[in-house]
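The block underneath contains the structure these notes are about, expressed in structure tokens.
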Amino acid sequence: MTSGRVVFTDMEEVHYGKPADRSVAELVEGYGAERVLVMASGTLNRETDEVEKVRRALGNKCVGTFASMPAHSPRSAVIAATRQAREARADLIVTLGGGSITDGAKAVQLCLANDIGSVEEMDRLRPPSEIKAPTVRQISIPTTLSAGEFSGIAGVTNEATKVKELFRHPLTIPRAVVLDPEVTRHTPMWLFLSTGIRAVDHCVEGVCSNESTEFTNASALHGLAMLARGLPRVLADPKDMKARLDCQIGSWLSMGGLAAGVPMGASHGIGYVLGAVFDVPHGHTSCIMLPWVMRWNKPANADKQAAVAAAMGHPGKDAGDVLDQFIAGLGMPRTLGAVKIGREHFERIAKQAMGTPWVPRNPRPIYGPAEVQEILTLAA
């Protein structure tokens, strides 16, 4: 008999397929919030009316907008947003943007609850410190598909060390998520598609994990099928809102495993280093690493990889090849050379990747940096 454990999160609801501003207004009213800080993409704030629509929906409950969060959520920007939230006496945060905005707001929740006022003090949010639970929660309106809004983990870059650090608490997960395909129209196509591959990476590494469950596999395989169908349709017709919503729902389903406690593998672990040290966008790290990690892992989990290929519509084919061809068809980078990372960096990447939570739990055992370098050499 099999045995296992599935953990459920503190997210309360997901709204999908209706205008974001309307959903946010309903949620804020239902939660009884009175002082809402909007954290938004700077580009959306400057170049579209999407952020203004949300502010109008909030009316006088909106106490400010923070629109200065760079990629990879650096500590300094988290502290700047925390100061604004604290001064505004915010009782709720609404995010509109990609994964860096979402993760930044999760970290702000922890900083507010634990009286953090500087980048150095953020060390107090790291283990083994005792962390107070957030009381200012979050509603997220994602504009990409990386799906961080469905986890209680915030990835924040320590600028001093160039390391992507993970900050965790069950209550940092957004109280609600709003999936509105219309707000993704402004997302650059390369970003929408590459973060879609990030969601594919969640599905694939979740299914292929040695710690996956029947429950999480069901979510991940269906999410993978939706993404495999939806992403090419969006590329072919950017105005296809049904395809965009399918991708959003697929990205939501991709997080079932991670949210339930199933670990990711080497693609995610190496990707953290590529993002923090070399500023490679999260989606591109998955485009590059996932097929090569699958090929390296195949001796350990060929049966699970067969399920991945079947879910993508190619039963009987090699999953690494199916993923590689799929990513190529979307016009995404597929090698480290394509993002100008040469072999001279492999030793550093390999050593740092061993310090991530995921590489040591890869389905084919990775005992040290030498095995990571084998994967990097494949991906060169």
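The values are calculated or read from the model by the stated rules, or taken from the named source; none is laboratory data. None of these values were measured; they are calculated from a predicted model. Neighbour counts run over all protein chains shown; Cβ positions are idealised from the backbone, glycine included.
Residue-level analysis places residue 149 among those that are assigned to a helix (DSSP H, G or I), assigned by TED's automatic domain parsing to the domain that holds residue 17, at pLDDT 95 or above and buried (at least 24 other Cβ atoms within 10 Å of the Cβ).
Is it true that residue 317 is modelled with pLDDT of 95 or more, among the basic types (Lys, Arg) and part of a helix (DSSP H, G or I)?
no
Any idea which of 135, 65, 102 is closer than 23 Å to residue 272 by Cβ and among the hydroxyl-bearing types (Ser, Thr, Tyr)? Spell out the reasoning first.
Working: 135 fails: closer than 23 Å to residue 272 by Cβ; 65 fails: closer than 23 Å to residue 272 by Cβ.
Every option except 102 fails the conditions.
Of the candidates 333, 299, 369, 363, the single residue that is over 18 Å from residue 198 (Cβ atoms), in contact with a Cys (Cβ under 9 Å, 6 or more places away or on another chain) and in the same structural domain as residue 193 (by TED's automatic domain parsing) is 363. So which of 203, 247 is touching a helix residue (DSSP H, G or I) at 6+ places or on another chain (Cβ under 8 Å) and under 16 Å from residue 293 (Cβ atoms)? Being touching a helix residue (DSSP H, G or I) at 6+ places or on another chain (Cβ under 8 Å) and under 16 Å from residue 293 (Cβ atoms) holds for just one of 203, 247, which is 203. Scanning segment 24-35 for residues that are surrounded by fewer than 24 Cβ atoms within 10 Å (Cβ to Cβ) and outside any loop (DSSP other than H, G, I, E, B) yields a count of 7. Would you confirm, using the coordinates I've provided, whether residue 339 is over 22 Å from residue 232 (Cα atoms), touching a residue at least 12 places away in the same chain (Cβ under 8 Å) and in contact with a His (Cβ under 7 Å, 6 or more places away or on another chain)? Taking the combined requirement at face value, the residue satisfies it.
For segment 82-125, the tally of residues that are farther than 25 Å from residue 23 by Cβ, in contact with a strand residue (DSSP E or B) (Cβ under 7 Å, 6 or more places away or on another chain) and not aliphatic (A, V, I, L, M) stands at 0.
Filtering segment 261-279 down to residues that are of a type in the set (Val, Ile, Thr) and under 20 Å from residue 209 (Cα atoms), which residue is surrounded by the most Cβ atoms within 10 Å (Cβ to Cβ)?
270
Residue 211 meets the conditions (1) over 20 Å from residue 288 (Cβ atoms); (2) assigned to a helix (DSSP H, G or I); (3) among the acidic types (Asp, Glu) in every case but one. The failed one is (2).
Among residues belonging to segment 98-132 that are acidic (Asp, Glu) and in a helix (DSSP H, G or I), point out the one that is surrounded by the fewest Cβ atoms within 10 Å (Cβ to Cβ). Going through the qualifying residues, I end up with 120.
Quick check on segment 225-241: of everything there that is closer than 21 Å to residue 150 by Cβ and of a type outside the set (A, V, I, L, M, F, W, C), which residue is surrounded by the fewest Cβ atoms within 10 Å (Cβ to Cβ)? It comes out as 229. For residues in segment 175-208 being β-branched (Val, Ile, Thr) and under 30 Å from residue 360 (Cα atoms), which is surrounded by the most Cβ atoms within 10 Å (Cβ to Cβ)? Only one residue fits best here, namely 204.
Of 135, 172, all but one fail to be touching a Leu at 6+ places or on another chain (Cβ under 7 Å) and either more than 30 Å from residue 329 (Cα to Cα) or buried (at least 24 other Cβ atoms within 10 Å of the Cβ) (or both); the exception is 172. For segment 312-329, the set of residues classified as without any contact (Cβ under 8 Å) to a residue 60 or more places away in the chain, at negative phi and over 22 Å from the mean Cα position of the chain (by Cα) consists of 314, 315, 317, 318, 321, 322, 325, listed by residue number. One residue is enough: does segment 37-52 have a residue meeting the conditions among the basic types (Lys, Arg), assigned to a loop (DSSP other than H, G, I, E, B) and more than 27 Å from residue 170 (Cβ to Cβ)? No: segment 37-52 contains no residue that is among the basic types (Lys, Arg), assigned to a loop (DSSP other than H, G, I, E, B) and more than 27 Å from residue 170 (Cβ to Cβ).
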